[in-house]
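Accompanying notes for the structure given below.
The values are calculated or read from the model by the stated rules, or taken from the named source; none is laboratory data. On a predicted model such as this, the values are computed, not experimentally measured, just so you know. Don't worry about glycine lacking a Cβ; one is built from the backbone with ideal geometry, like all the others, and counts go over all protein chains shown. With ligands, DNA and RNA removed, areas are computed over all heavy atoms of the protein, side chains included. Shrake-Rupley method; radii C 1.70, N 1.55, O 1.52, S 1.80 Å.
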Amino acid sequence: MSPDELDRAKAVLRESENLPSEARVYDYFLGGAANFEVDRAFAEAQIAKYPDMPMIASENRRFLHRAVRYLAEHGIRQFVDIGSGVPTEGNVHQIAEEVLPGQCRVVYLDRDPIAHAHAQILLREDGDHARHRALRADLLDTQDLWRQVNATGLIDFSEPVALLIVAVLHFIKDDRDPQQAVEFLRSKLAPGSYLVISHASGEDLSAGQQTAAERVRSDYESQAANPGVFRRRERIQEFFGGWPLLPPGLVWTPEWHDDSFVSGFTDDPARAFILAGVARKP
């Protein structure tokens with residue numbers, strides 16, 4: 001990243017201080033520092049409506065950490081993280097680096113200029129340009145996304161890759177056909193590749209909880225300009241395209257390979273709101 005590119009990235013952040021960003025709001029829920037007052041005000045308003053929001057974000061992030069660690073421990077050295085959001089401590093390249101120092105290649109992609117700018121700055125300060133890259137691309141513009149990832153020269157798609165689409169698809173409504181976009185990407189991956197998905201559902205919550213969650217979803221749509229959708233388990237599973245899911249299957253985020261179950265989830269893991277799974281291409 002050149003000094004001019006770094007200056008442009010910082011300019012994007014300055015220009016966005018007056019608008020709430022869903023990526024920075026998520027960062028606030030996680031206890032990060034890459035957010036502005038407008039993001040904190042929006043986030044607190046959502047917490048007032050649905051107090052579990054920080055916990056939901058935290059459990060989703062912990063799932064990402066466990067999935068990356070699991071895949072690195074099973075020999076995956078290439079990661080493509082779509083919708084990576086604002087970098088927060090414990091990013092994909094950092095987790096993979098702990099398992100396989102100096103061996104993993106990671107490409108981050110996000111359509112949000114704010115998230116992209118933060119990612120560029122992070123990798124300038126804590127990354128290896130020879131192995132890590134941050135791109136601005138939209139999951140739904142698959143041809144451009146595919147072209148950009150290939151142009152980095154970092155990912156060898158003839159070898160297994162981990163494709164991460166974590167907490168992204170619930171921001172894409174059916175009329176924009178996210179299924180087709182994911183299907184395109186699945187078709188490009190070599191056998192032995194993995195697809196990691198987490199998606200908001202909330203299908204097992206009480207009627208009162210679902211009503212409160214809908215108020216939050218509506219605020220995101222009207223104020224953060226990011227319409228969302230809660231899908232049921234069977235609809236989320238369709239994104240895996242029939243690839244076999246690793247045990248324990250499509251489960252609530254704290255249930256996926258977590259040996260340190262958080263107190264309170266044992267009886268009600270559905271409070272985590274987000275379903276998650278990892279599938280392997282035959």
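Hey, among the residues in segment 159-185 that are assigned to a loop (DSSP other than H, G, I, E, B) and open to solvent by 60 Å² or more (accessible area, probe 1.4 Å), which one's nearest to L145 (Cα to Cα)?
Taking segment 159-185 and keeping what is assigned to a loop (DSSP other than H, G, I, E, B), we get 159-161, 167-168, 172-173, 177.
Then keep just the ones that are open to solvent by 60 Å² or more (accessible area, probe 1.4 Å); that gives 159, 173, 177.
Details: E159: 19, K173: 19, D177: 16 Å.
Filtering first and then ranking leaves D177.
In segment 147-160, what count of residues is obtained for those that are out of contact with any strand residue (DSSP E or B) (no Cβ under 6 Å at 6 or more places or on another chain) and touching a residue at least 24 places away in the same chain (Cβ under 8 Å)? Don't jump to the end; show me each part of the working.
Residues of segment 147-160 out of contact with any strand residue (DSSP E or B) (no Cβ under 6 Å at 6 or more places or on another chain): 147, 150-151, 153, 156-160.
Checking the rest, the ones that are also touching a residue at least 24 places away in the same chain (Cβ under 8 Å) come to 156-160.
So the answer is 5.
Does segment 135-144 contain at least one residue that is hydroxyl-bearing (S, T, Y), modelled with pLDDT under 95 and either open to solvent by less than 50 Å² (accessible area, probe 1.4 Å) or in a loop (DSSP other than H, G, I, E, B) (or both)?
no
Does I47 qualify as being touching a helix residue (DSSP H, G or I) at 6+ places or on another chain (Cβ under 9 Å), outside any helix (DSSP H, G or I), at pLDDT 90 or above and farther than 19 Å from L122 by Cα?
No; evaluated as a whole, the condition is false for this residue.
Looking at H74, is it within 18 Å of the chain's Cα centre (by Cα) and not hydroxyl-bearing (S, T, Y)?
Working: within 18 Å of the chain's Cα centre (by Cα): no; not hydroxyl-bearing (S, T, Y): yes.
For H74, the condition - within 18 Å of the chain's Cα centre (by Cα) and not hydroxyl-bearing (S, T, Y) - is not met.
Do any residues in segment 161-187 that are more than 16 Å from Q237 (Cα to Cα) have Cβ atoms under 9 Å from those of residues that are at pLDDT below 95 and acidic (D, E), where the two are at least six apart or on different chains, and which pairs are they?
Between residues of segment 161-187 that are more than 16 Å from Q237 (Cα to Cα) and residues that are at pLDDT below 95 and acidic (D, E), the close pairs are F171/E22.
Would you tally the residues in segment 145-158 being open to solvent by 20 Å² or more (accessible area, probe 1.4 Å) and assigned to a helix (DSSP H, G or I)?
Filtering segment 145-158 for residues open to solvent by 20 Å² or more (accessible area, probe 1.4 Å) gives 146-148, 150-153, 156-158.
From what is left, the residues that are assigned to a helix (DSSP H, G or I) are 146-148, 150-152.
Of the residues in that region, 6 qualify.
Filter segment 108-127 down to the residues that are buried (at least 20 other Cβ atoms within 10 Å of the Cβ) and in a loop (DSSP other than H, G, I, E, B) and list them by number.
Listed by number, the residues that qualify are D112, G127.
All but one of (1) touching a Phe, Trp or Tyr at 6+ places or on another chain (Cβ under 8 Å); (2) open to solvent by 30 Å² or more (accessible area, probe 1.4 Å) hold for P247; which doesn't?
P247 satisfies every listed condition except (1).
Between G192, G242, G202, G249, which is in a loop (DSSP other than H, G, I, E, B) and in contact with a helix residue (DSSP H, G or I) (Cβ under 7 Å, 6 or more places away or on another chain)?
Matching residue, one of G192, G242, G202, G249: G202.
Would you check which residues across segment 83-107 are within 20 Å of Y28 (Cα to Cα) and surrounded by 23 or more Cβ atoms within 10 Å (Cβ to Cβ) and list them?
The answer is S84, G85, V86, P87, N91, V92.
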